[in-house]
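Data block below; observations after.
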Amino acid sequence: MSSRKSRAAVAGGGQTRRGAAKPSRKDQIISLFLSGMGEIEDIAVITGARPSYVGTVLQEAGLHSGYFDLYTSTSLPQNIYSKFFAGKLGFKDVETAGESVELIDRLYRQFEFAGDRAGQHHALTMALTMFDRARWTGKGREAEVFLNWLTARLGEAALDLEEASGEDLDAGTEGE
């Protein structure tokens, strides 16, 4: 090894310029944020990461809060209702999906009894999130468990609207 290479290796912590470790995507995200770039979508474009990943990295580092989408962990609190669902939902198999729907339904009914529409909305959102996560990872049978529950709630909502308006909502579609 020439003296030039050996000096470069010592100065670089034992790695030559060619062997220098490239910063991880996670490190790049944090660095960009700390340098003043605060928009998740901008950081995502620059690093080639999905906004979900950028949001998660920044939240886990304690640098950003309030970013939520389909892939954001349900263990990160979105609002006061998150704690009821955090770490308790899954779709590993049909049985797990069923247990998740039982929890969602129990909480949905409790929120309904209390007249807490925001709580009901969060339960619906959690069911839709789990449905989408399951279906987009190829778990059709598991996704169907969430879909069936959501469809039943939408059916209830349609009946409530009919009763409130005194109209048959399906009547307008006849003869079309």
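Each 5 Å bin from zero holds the following percent of Cα-Cα pairs in the stretch 77-176: 2, 13, 20, 20, 16, 12, 9, 6, 2, 0. Legend: calculated FRET efficiency, Ala21 to Glu41, from the Cβ-Cβ distance at R0 = 35 Å, rounded to 0.05, equals 0.80. Using a probe of 1.4 angstrom, how much of the accessible area of the stretch 19-113 is carbon and sulfur, in percent? Summing carbon and sulfur atoms, their accessible area is 54 percent of the total for the stretch 19-113.
How much FRET efficiency would the formula 1/(1 + (r/R0)^6) give for Ala157 and Arg50, where r is the Cβ-Cβ distance and R0 is 30 Å, rounded to 0.05?
0.40
The values are calculated or read from the model by the stated rules, or taken from the named source; none is laboratory data. Small disclaimer: the values here were computed from a predicted structure and weren't measured. Cβ sites come from the backbone with ideal geometry, for glycine too, and all protein chains shown count toward neighbours. Note: areas computed on protein heavy atoms with side chains; ligands, DNA, RNA excluded. Shrake-Rupley method; radii C 1.70, N 1.55, O 1.52, S 1.80 Å.
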